[in-house]
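Participant: Provided herewith is a single structure, encoded as structure tokens, for subsequent inquiry.
Bear in mind that the values in this text are calculations on the coordinates, not laboratory data. Quick caveat: nothing in here was measured; it's all calculated off a predicted structure. Because the Cβ atoms are built from the backbone with ideal geometry, glycine has one as well, and the counts that use them run over all protein chains shown.
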């Protein structure tokens, strides 16, 4: 199962009014596409609610979350954007690159050597460095505690809650994610934003296929079973950086879609 990241309104997400980069590529190149999730084929499921009805549900969920976060010690957090038309950002780091980012962060945090490569479909959660940072009580970052939602709030914190569909989820904030990414960059690459943004194009997975005569083929292209760890980490870092930036500038949540 792949991993996509989505930054946009919850109404667009829950009405499937968005397209992953894979879907966008498939449609642009004349290929059919179906999104398969644990709930089944989304493309074959008819929406049960209208966009306006879904928007009201999302606003109600948002109100409950903001009420739960309210405190007499500080001003209440403002409601974020919720409609079915606002722009969204999406990309596909997939699990291998996400794991490489966690491994890079752990290696730099503990000043340990970064493995040069990782295997395709590697089980990153079992890597000793990632396990170490996941158990480190001083490193309770959203990236390491299993957060899959980030709300468009500048303050940094995380909590366990339920998503609008009633599923259990660890929720953090885009502000926390941005601070974590800033810290990773400061102990590692020390790259400027222009360089970071370029990594979605210059780093990442090697080419496994190409379009020839209007058809996708991998003829003559060696299959890759290992990936460059740092290149994958830069690729994932750039995607998460873009998502955090988009979230805070447009006041929309970030979700991991898998």
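Participant: If we sort 237-243, 116-122 on the protection proxy, mean other Cβ atoms within 10 Å, highest first, what's the order?
Facilitator: 237-243, 116-122
Participant: Let me ask you something else. Give the order of 256, 103, 248 when sorted by the count of other beta carbons within 10 angstrom, beginning with the fewest.
Facilitator: Listed from fewest to most nearby Cβ atoms, that is 256, 248, 103.
Participant: Rounded to the nearest 500, what is the chain's calculated 222 nm mean residue ellipticity when only DSSP H runs of at least 4 contribute -39500 (n - 2.57) each, over all residues?
Facilitator: -12500 deg cm²/dmol
Participant: Which whole-number percentage describes the relative contact order of the chain, with Cα contacts under 8 Å and a sequence gap of 6 or more?
Facilitator: 28 percent
Participant: Kirkwood Rh and Cα-based Rg: tell me the resulting Rg over Rh for region 4-257, rounded to two decimals.
Facilitator: My calculation puts Rg/Rh at 0.98.
Participant: Just want the ordering: 148, 198, from fewest to most Cβ atoms lying within 10 Å of their own Cβ.
Facilitator: By the 10 Å Cβ count, ascending, the order reads 198, 148.
Participant: Also, I was wondering about something else. Sorted by mean Cβ packing within 10 Å, highest first, what order do the peptides 53-60, 74-81 take?
Facilitator: 53-60, 74-81
Participant: Gaussian network model of the chain, Cα springs within a sub-10 Å range: biggest mean-square fluctuation belongs to which of 157, 98, 246?
Facilitator: Most flexible of the set in this elastic network: 157.
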